[in-house]
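Bear in mind that the values in this text are calculations on the coordinates, not laboratory data. From a predicted model like this one, the values you see are computed outputs, not experimental measurements. All Cβ positions, glycine included, derive from the backbone under ideal geometry; neighbour counts span all protein chains shown.
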Amino acid sequence: MSYDRRDLLRLMGAAGAASFLPGASLALGRAPTDRRLIIIFQRGAQDGLQALVPYSDPFYYRYRPGIAIPKPGTANGALDLDGRFGLHPALTEFHKLWQAGDLAPIPAIASRYRERSHFDGQNLIENGSGTPFGANDGFLNRALQGFDDADARLGMAFGYTVPLALRGEAGVRSWSPSTFPEADGDFLMRLADSYRDDPVFAQAIEEGIAPMEGMADLSQREKRQAVRAQTMAPAAQAAADALSTADGPRIALIESNGWDTHNAITGRLNRLFADLDQAMGILRTGMADVWDDTLIITMSEFGRTARENGSAGTDHGTGGVSFVAGGAVEGGKIHGGWTGLGEGALYEDRDVAPVNSLESLLKAAIGPHMGLPMTYLDMVVLPDSDAIGPMKGLLG
Amino acid sequence: MTSKDAFIAAHRFGLGPRPGDLARLQRDPRAWVTAQIRREQEIPTALRQFTGSRERLEAITGAADAEKGAQKMSGRIAREVAVPELTEQFSERIRSEQPFTERMVAFWGNHFSVGRQKGYNRSIASAYATEAIRPHIFGNFSDLLFAAETHPAMLIYLDNILSVGPNSPFGKRRKRDINENLAREILELHTLGVDGGYTQKDVEALAAILTGWAIPNQRYARQSARLEKNLNREVEERFGPGSFFFLLHEPGAKTLLGKIYQEGGSAEFRQVTEDLTRHPSTAHFIATKLVRHFVADNPPEDDVARIAKVFRDTEGDLAEVTQAVVGLDNVWADPLPKAKSPQDFVVACLRALGREDIATLALNGVLMQMGQQPLAAPSPQGWPDTAEAWVAPGSLMRRIEFARELATKVGNRLAPDVFLNWTLGDVASDETRGLVRGAPSGEEAIAFILASREFQRR
């Protein structure tokens, strides 16, 4: 089966695809960078104050009498970090990374968006322009175009569709679990040929058949499990497999849904954080060989209100929390500023203030970490952002 | 009259031709479409066999006082009623002889998107299209808007059942507050659009107006007997499957989009639906979505302006508006501007093969892997409506694999050249004709037709 698919790639003459041929990577040159960047996009607006708990701030418990995470050392209490902040108790893998110096939590972080619509908030971040409908392609795709060999499909989406952040001129790969029998190579080759005058279909089929070594070997039973489970774990495993190969992708986005916790937040976040934590553990183990080159960022379109609402949940807010993990991060300490939750500290008297900049974090990741020049970032990847510099001290 | 028009009628307006349809449509494709625009919509027989969402909710909330009993009943109804109902709806789309009607039910159901992942929606969201959407697809927009927003599935999905006026009788005793979620989405996603000219203050005012719209609840019912005696007033007002409880409603005048709404209980939101329907931003927003669905992913401005004008002039008469869409020249220009969504694609494949009997197979798993499970849109925005969103590498591979697999079940019983004419007619490209001619087996020829770019577009 995979022999047919390689034949197909050869016939299609896709330059990038050729680098997937086993043993060909030396002859054709490796990927233009060894660095890896994985973004876990938590759609729906993660409640940062439940993820990174400011347990030393009395206002936290005053605002959230029904839902606050108890202090470290008590039942279901936070996992202590530095005497001020703790992690949600389900984030045990994150806590191990912290102890190993491989986790940098960033509180009070927000993009340039200051309204409270999920769709606009996600759009603005994903198109990178600073306005909700400012561009039709994604900032990660434009970053990919900055590498010498943008045709190598250095980008990869893990989810059922390619998100806006990765859409654009640079070809990207995508992964989603499937229980269908694969169509054979001859069939796909003929079909791809008939799509040639339709750019949307031609590009999609070309990228769809780029073989992913390792993933094609999943048994039918494993595939069914992955499809049914609806957790991030299979995507995390696939991402770890793909990104740890020498000629695999270098920038990936993993979709994570369900963070819009307007009600019954406690049980829902217990599940969501446990799932996120498991995915992080899988990435840590699966990427052990390339860990020092790896940066993993969790991010969400915005944060949530500081106070709980009348339904044991929280509503759309501003400042949220990102975690940065990997061997490439200066971990074991809280990064960025924190102005607390007290009187006057809240944004519009309701949200965590946007003290730290998400764009600044992304600039550090795509610039110094991935190796693209800052002028390219300011002009192309995140236009109109020259006033925002890359986050300092983040990289080890 | 060319076969291209028949293709457009069958694939763009319908849900794909069933055997023989293209030949039948050929005589007058436009008339075939417009004959389906009928203000009074009958519920198809097969969809009438299921209990209404009000009965289901009463069974759930009346099951037991304990939350556990309600959850158990909700799960049972989900399995025994909601899942068969979804399957039957899918079958209806496959066998329907009014496929344009079915498309519009899906279009408006997606515009007023609800999900079945949340709370009791697993038991009742499947009834939403039949109860709130279908009766109004060619009626007045304000009726559709009212029915959609006050349906229990929407009230659950966007948290209005949790929203309580802080100065309402219930709110004062229980220290409960307002939830803005439904109000925000009504303005941003259902009527004015995000740039439609509203502010946070308008969201707050609409949220206050919406307090009181909730689902049947034993607790209110117990209070109502007592209160009704004291207040000499009915506690629950019923509007179709939805209910209004003044006990939860924030009292007082509210100012929305510059207009003052005096305290009027349930009448406030009814009035709001009419005012929002007359707002020019709503006309423009709805016109844009319709033109995107029927003309092109990037809707031409002239077409949007024309449809918006009809919407304004008729104050949201959807029969007139839809008629105007069918009358756009651009609709009939290009046969293949749009990509079928995964649901459209699967339905079209099964219609082409005349196989509504495998609807359950199609529902389970297949649509999830293509990224479009019924009633599971990723956000209240609903499913996207562009080729770029749907023709992604992963989901395209799933479509191709589905087509290939489906052909193994039927391929040898069909003559490929006949099947090509049934499904694509004159729109079939030379490339696709070549593929079919050169196919190593009849089975693969059928798979090529289903997986062709023409069949995947509309």
Seminar exercise, completed: Other residues with Cβ under 11 Å from the Cβ of residue A:232 give, with Lys and Arg +1 and Asp and Glu -1, a net charge of -3
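For residue B:297 and residue B:46, compute 0.36 nm times the residue count separating them, minus their Cα-Cα distance, and round to one decimal in nm. Kindly include the intermediate steps, with their values, before the conclusion.
Details: separation 251, 0.36 × 251 = 90.36 nm, distance 3.39 nm.
Here the answer is 87.0 nm.
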Problem set entry | 18 Å cut-off, amide nitrogen to a point 7 angstrom out along residue B:409 Cα→Cβ, residues in segment B:85-105 | B:86-96
Problem set entry | Computed FRET value (nearest 0.05) for residue B:38 with residue A:148, which takes r as the C-beta separation and R₀ as 51 Å | 0.25
Exercise. What does the charge count near residue A:280 come to, summing +1 for each Lys or Arg and -1 for each Asp or Glu among other residues with Cβ under 14 Å from its Cβ?
Worked result: -2
Exercise. What list of ³J(HN,Hα) couplings, whole Hz, do you get for segment A:166-173 from phi and the Karplus terms 6.51, -1.76, 1.60, once you set θ to phi - 60° and write x for glycine and proline?
Worked result: 9, 7, x, 5, 6, x, 10, 9
Problem set entry | Added length on full extension, which subtracts the Cα-Cα distance from 0.36 nm per residue, residue B:200 to residue B:172 | 7.7 nm
Exercise. Roughly how many nanometres apart are two label points built 7 Å out from the Cα toward the Cβ at residue A:376 and residue B:263?
Worked result: 6.5 nm
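Taking only DSSP H segments of four or more residues, each worth -39500 (n - 2.57), what value at 222 nm results for chain B once the sum is divided by all its residues, to the nearest 500 deg cm²/dmol? Before the final figure, lay out the partial values.
Details: 26 runs with 239 residues, N = 458.
Value at 222 nm, helices only, nearest 500: -15000 deg cm²/dmol.
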Exercise. What is the spin-label model distance, in nm, from residue A:136 to residue B:274 if the labels are put 7 Å beyond Cα along the C-beta direction?
Worked result: 4.1 nm
Exercise. In degrees from 0 to 90, rounded to the nearest 10, what is the angle of the helix B:342-353 Cα long axis to the longest principal axis of chain B?
Worked result: 50 degrees
Seminar exercise, completed: Restricting to lysines and to Cα separations under 16 Å from residue B:338, and discarding same-chain partners fewer than 8 apart, the set is B:4, B:289
Exercise. Tell me which lysines have Cα within less than 22 Å of residue A:363's Cα, excluding those fewer than 8 residues away on the same chain?
Worked result: A:333, A:392
Seminar exercise, completed: Computed over all unlike Cα pairs, the Kirkwood hydrodynamic radius of segment B:1-99 in Å stands at 16.3 Å
Problem set entry | Nearby lysines by direct alpha-carbon distance to residue B:201 (threshold 23 angstrom, same-chain neighbours under 8 apart not counted) | B:172, B:175, B:254, B:259
Exercise. Out of residues 5 or more away from residue A:80 or on other chains, whose amide H comes under 5 Å of its own, with H placed 1.01 Å from N in the peptide plane?
Worked result: A:87
Problem set entry | Calculated from backbone phi, Karplus (6.51, -1.76, 1.60) coupling profile of segment B:297-311 in Hz, x at Gly/Pro | 4, 9, x, x, 4, 4, 5, 4, 4, 5, 5, 4, 5, 4, 4
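Using a Förster radius of 41 Å, what is the FRET efficiency between residue B:430 and residue B:357 based on their Cβ-Cβ separation? Nearest 0.05, please.
0.75
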Problem set entry | Amide H partners (placed H, <5 Å) of residue B:457, local residues excluded | B:340
Problem set entry | Crossing angle, helix B:67-77 versus chain B [Cα axis fit, 0-90 degrees, rounded to tens] | 30 degrees
Problem set entry | With Cα atoms, 0 to 90° folded angle of helix B:99-111 axis to chain B main axis | 50 degrees
For this session: Search the structure for amide H atoms under 5 Å from the amide H of residue A:356, placed 1.01 Å from N in the peptide plane, and list their residues when 5 or more places away or on another chain.
Result: A:109, A:110
Exercise. Taking θ as phi - 60°, what are the ³J(HN,Hα) couplings along segment A:67-74 by the Karplus curve (6.51, -1.76, 1.60), each to the nearest whole Hz, with x for Gly and Pro?
Worked result: 10, 4, 6, x, 5, x, x, 9
